[in-house]
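Peer 1: Take this structure first; my questions come after.
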Amino acid sequence: MNPRLAQKIAHAVMLTATLLVVLPVLVILVIIVAKGASAISWDFLFSMPRDGMTAGGIFPAILGTLYLVLGAILFAVPLGVLAAVYLVEYSSDNWFSRLVKLSIVNLAGVPSVVYGLFGLGIFVTFFRFGASILSGSLTLGIMILPVIITSAREALESVPRHFRVVSLSLGASRWQTIRHSVLPHALPGILTGMILGLGRAAGETAPILFTVAAFYLPRLPHSVFDQTMALPYHLYVISTQVPGIAENVRYGTALVLLSLVLLLNLAAILVRSRFRGKKKW
Amino acid sequence: MKSIRFRKLKEWGIEKAILLSGIFSVVFVVLIFLFLLREGFSLFRGESIVDFIFGKSWYPISSPPRFGILPLILGSLLVTLGAAAISVPIGIAAALYISEIAPRRLKEPLKAGIELLAAIPSVVIGFIGMITLGPWIKSAFHLPTGLTALTGSVTLAFMAMPTIVSIAEDAITAVPRQYREAAIAMGATQWQTTWRIVARAARPGMVAAVMLGIGRVIGETMAVMMVTGNAAVIPRSFLQPVRTLTATIAAEMGESVQGGPHYAALFAIGIVLFIITFLINGVADLYLHRSRQ
């Protein structure tokens with residue numbers, strides 16, 4: 001075949017493939033917004049569900065998801081950032097740091113439902129936290145740990161080596177160097193990872209199935225030992241388990257969840273691109 | 001003097017905290033495996049491992065209960081193969097397009113679009129698959145139900161694609177520029193360069209991308225539970241309902257009695273999943289290291 005013709009055909013095929021990956025995002029967004037926007041109201045967002053979820057709002061699910069995500073971040077960010085500092089600033093390339101890296105890769109690959117089993121086994125049963133916000137947050141926190149560590153690592157690695165050399169040569173200690181000359185420059189990257197982790201934790205269902213999520217609980221949680229409803233589980237419940245829910249309520253719930261997650265991801269993309277533009281070295 | 005000693009103590013404490021945080025990721029992997037074993041191992045006091053893995057019937061609540069997970073393994077396998085058949089060619093082609101051919105101003109929006117696809121929660125993808133794709137497949141193939149292995153494969157293909165595209169794209173971008181320049185200088189067209197030189201040089205990274213995509217599909221739970229119809233029988237075709245390993249755990253844990261054999265069997269399925277994904281990720285990591293050298 002004529003190589004120019006072959007190139008034209010190949011490019012057309014590859015463009016089609018790319019559109020097949022990107023367009024579904026738009027299609028999903030359009031469908032959910034078109035069918036779900038009519039359900040969104042002040043009452044839908046900020047009132048309790050009534051009559052077995054057929055009426056009222058989804059406020060406890062929204063608040064529950066916010067609590068879970070907050071808890072997960074409080075747990076995962078300090079641990080993840082320090083782990084990244086260890087890998088980039090302290091460890092040399094030995095068997096132990098390779099083992100740590102391999103563990104992170106594997107944590108990232110563990111199926112979400114297995115995290116659910118783990119949370120059930122360790123937090124709910126072994127530590128006797130019961131099905132509670134605490135158990136759910138810790139489970140989600142461990143699940144998003146790889147996301148936090150990986151982006152914090154990239155951020156720390158992108159800080160030039162001479163920043164450290166200069167600081168150390170002026171007599172600063174190792175930790176002072178990290179604290180004042182490295183971490184401030186890695187902050188946007190760490191923030192990006194944190195927001196991505198938030199988005200991931202907000203959307204996951206399987207890890208909270210057995211550790212916290214309540215099917216129908218029309219009141220707000222009082223403490224971290226209470227169960228709570230959560231948005232993704234609520235969407236699963238009303239779309240598969242409970243018949244007779246109005247279609248626009250299902251789409252409306254999907255719209256709220258999708259908006260929350262996509263806004264967080266857009267924020268992460270914006271933070272990252274601003275950071276790239278501002279870099280001076 | 002005192003303040004110096006205090007500062008040294010503080011420095012020592014912080015360094016230990018940092019080391020400890022590094023150790024934690026290893027600890028968590030070990031803990032996950034230990035707790036799966038702790039809850040799941042009791043099943044094998046009454047059941048042999050061979051019967052568990054190759055048993056043809058999964059009737060967890062009949063008496064006596066039967067805990068054979070072969071139908072679930074085959075369900076997972078069928079859905080995964082289907083999803084890979086769809087997502088691998090599309091994903092690799094899209095990665096080549098984005099990194100080699102797309103004009104610069106299109107690159108970033110395309111990458112952002114793919115990141116957004118990766119960000120959509122699986123329960124939302126499952127919801128859309130169930131409510132739009134399901135009915136369409138039902139009427140297209142004249143089936144009694146639209147919730148089939150095929151529906152699962154198509155839905156999961158969209159969840160594997162972002163992983164495949166972004167990792168393959170990294171591998172392609174890492175191919176040295178001289179390779180391309182040399183090929184063009186020899187008179188190759190851009191497509192010949194892309195396909196015969198760049199794609200070949202990036203192959204180890206692409207293998208890793210495909211494996212990680214497949215790992216994501218095998219572990220996916222909510223979407224697959226919502227769209228595959230959940231029939232725990234040995235599948236005969238793509239057009240019938242199936243049930244996967246992950247969906248079984250998610251669907252049945254709520255009904256099982258804590259500490260009972262059914263509960264242990266679900267944790268034992270968790271062990272199987274953990275080992276499968278551990279192997280896939282380990283091998284993918286090896287390929288990634290090879291592609292970086």
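Peer 1: Taking the Cα of residue A:187, stepping 7 Å toward and past its beta carbon, and measuring to each backbone N in segment A:156-170: which are under 16 Å?
Peer 2: A:156, A:159, by backbone N distance to the label point.
Peer 1: Continuing with this model, one more query. So which residue, out of B:167, B:73, B:32, gets the largest mean-square fluctuation from a GNM of chain B using Cα contacts under 10 Å as springs?
Peer 2: Residue with maximal mean-square fluctuation among B:167, B:73, B:32: B:32.
Peer 1: Mind jotting down the distance between the C-alpha centroids of segment B:110-131 and segment A:63-82, whole Å?
Peer 2: What the calculation gives is 23 Å, centre to centre.
Peer 1: Can you tell me how segment B:226-285 classifies by the Cα gyration tensor, rounded, prolate or oblate, using a/c under 1.5 as the rounded cut?
Peer 2: oblate
Peer 1: Additional query: Only helices at least 20 Å long along their own axis, judged from Cα atoms, and with Kyte-Doolittle mean hydropathy of 1.6 or greater: name those in chain B from DSSP H.
Peer 2: B:70-96
Peer 1: Quote the FRET efficiency, to the nearest 0.05, computed for residue B:184 versus residue A:2 with a Förster distance R0 of 22 Å and r equal to the Cβ-Cβ distance.
Peer 2: 0.75
Peer 1: Now, a different point. For the pair residue A:157 and residue B:141, how long in nm is the line joining their label points, each one 7 Å along Cα→Cβ?
Peer 2: About 4.3 nm separates the two model spin labels.
Peer 1: Skipping prolines and chain starts, which residues have an amide H placed within reach, meaning under 5 Å, of the one on residue A:56, given they are 5 or more residues away or on another chain?
Peer 2: Distant-sequence amide H within range of residue A:56: A:50.
Peer 1: Compute the Rg/Rh shape ratio of segment B:180-284: radius of gyration over Kirkwood radius, all on alpha-carbon atoms.
Peer 2: 1.24
Peer 1: Rounded to the nearest Å, what's the spacing between the alpha carbon centres of segment B:209-283 and segment A:124-168? Just the number, please.
Peer 2: 27 Å
Peer 1: Quickly work out the residue A:38-to-residue B:17 label distance, labels modelled 7 Å from Cα along the C-beta direction, and quote it in nm with one decimal.
Peer 2: So the two model labels end up 5.5 nm from each other.
Peer 1: With r defined as the distance between the Cβ atoms of residue A:98 and residue A:223 and R0 fixed at 41 Å, what FRET efficiency is calculated, to the nearest 0.05?
Peer 2: The pair residue A:98/residue A:223 has a calculated efficiency of 0.45.
Peer 1: Also, quick follow-up: Among B:238, B:278, B:28, determine the one that fluctuates most according to a GNM of chain B built with springs between C-alpha atoms less than 10 Å apart.
Peer 2: B:28
Peer 1: Given contacts defined as C-alpha pairs under 8 Å and at least six residues apart, what's the relative contact order of chain A, whole-number percent?
Peer 2: Taking the mean separation of contacting Cα pairs over the length of chain A, I get 27 percent.
Peer 1: Then there's this: First select every other residue whose beta carbon is under 15 angstrom from the beta carbon of residue A:239; then total the charges, Lys and Arg +1, Asp and Glu -1.
Peer 2: +1
Peer 1: Something else about it: Can you tally the net charge around residue A:50? Count Lys and Arg as +1, Asp and Glu as -1, for every other residue whose Cβ sits under 13 Å from the Cβ of residue A:50.
Peer 2: Here the count lands on -1.
Peer 1: On to the next question. What distance in nm separates the simple spin-label points at residue B:236 and residue A:215, each placed 7 Å from Cα in the Cβ direction?
Peer 2: 3.4 nm
Peer 1: Now for a separate question. Give the average over all directions of the projected area of the C-alpha convex hull of segment B:1-150, one decimal, in nm².
Peer 2: Convex hull of Cα atoms, orientation-averaged projection: 19.0 nm².
Peer 1: Then there is this: As an exercise, find the ratio Rg/Rh for segment B:30-71 from alpha-carbon atoms, using the Kirkwood inverse-distance average for Rh.
Peer 2: Taking Rh as the inverse mean 1/r over Cα pairs, Rg/Rh reads 1.04.
Peer 1: A further question on this structure: Averaging the inverse of every distinct alpha carbon separation and then flipping it gives the Kirkwood radius. What is it for segment B:51-292, in angstrom units?
Peer 2: After inverting the mean inverse Cα-Cα distance, the result is 19.4 Å.
Peer 1: Per residue of B:122-134, how many C-beta atoms from partner chains lie within 10 Å of its own C-beta, taken as a mean?
Peer 2: Average neighbour count from other chains, rounded to a whole number: 6.
Peer 1: Please list, in chain and number order, the residues 5+ apart from residue B:242 or on another chain whose amide H is under 5 Å from its amide H, with Hs placed from the backbone.
Peer 2: Amide H to amide H, under 5 Å and 5 or more residues apart or across chains, residue B:242 pairs with B:149, B:230, B:231.
Peer 1: Could you pull out the trypsin sites (Lys or Arg not before Pro) across segment A:104-184 that fall in loop regions by DSSP (anything but H, G, I, E, B) with no more than 12 other Cβ atoms inside 10 Å?
Peer 2: Listed in order of number, the matching sites are A:128.
Peer 1: Right, next: Could you tell me whether segment A:71-110 comes out rounded, prolate or oblate from its Cα gyration tensor? Rule is a ≥ b ≥ c as square roots of the eigenvalues, rounded for a/c under 1.5, then prolate if a/b exceeds b/c, otherwise oblate.
Peer 2: Judged from the Cα gyration tensor, segment A:71-110 comes out oblate (a/c at least 1.5, b/c at or above a/b).
Peer 1: Right, here's the next one. Taking Cα atoms, how many degrees apart are the long axis of helix A:183-203 and the longest axis of chain A, rounded to 10 and kept between 0 and 90?
Peer 2: 20 degrees
Peer 1: Also: On C-alpha positions alone, give me the angle between the axis of helix A:95-109 and the longest principal axis of chain A, in degrees, nearest 10.
Peer 2: That helix lies at roughly 20 degrees to the long axis.
Peer 1: Follow-up question, since we're still on this one. Which values, in whole Å and largest first, are the semi-axes of the equivalent ellipsoid of segment A:188-272 obtained as the square root of 5 times each eigenvalue of the Cα gyration tensor?
Peer 2: After diagonalising the Cα gyration tensor, the semi-axes are 26, 17, 10 Å.
Peer 1: Residue-wise, which Karplus ³J(HN,Hα) couplings in Hz belong to segment B:225-231, taking 6.51 cos²θ - 1.76 cosθ + 1.60, θ = phi - 60°, and x for glycine or proline?
Peer 2: 5, 7, 10, 9, x, 6, 9
Peer 1: So how compact is the protein assembly as shown: Cα radius of gyration and Dmax in angstrom?
Peer 2: When restricted to the Cα atoms of the protein assembly as shown, Rg and Dmax are 24.6, 85 Å.
Peer 1: Using Cα springs under 10 Å in a Gaussian network model of chain A, which residue among A:255, A:263, A:45 shows the largest mean-square fluctuation?
Peer 2: A:263
Peer 1: Would you grab the residues whose amide H sits under 5 Å from the one on residue A:228? Only those 5+ places off in sequence or on another chain, please, with H modelled 1.01 Å from N.
Peer 2: Result for residue A:228 returns A:214.
Peer 1: From the Cα gyration tensor of chain A, with a ≥ b ≥ c the square roots of its eigenvalues, which class applies: rounded if a/c is under 1.5, or else prolate if a/b is larger than b/c, or else oblate?
Peer 2: oblate
No value in this document is a laboratory result; all are computed from the given coordinates. All values derive from a computational prediction rather than experimental measurement. Neighbour counts are summed over all protein chains in view; Cβ atoms, including those assigned to glycine, are modelled from backbone coordinates with ideal geometry.
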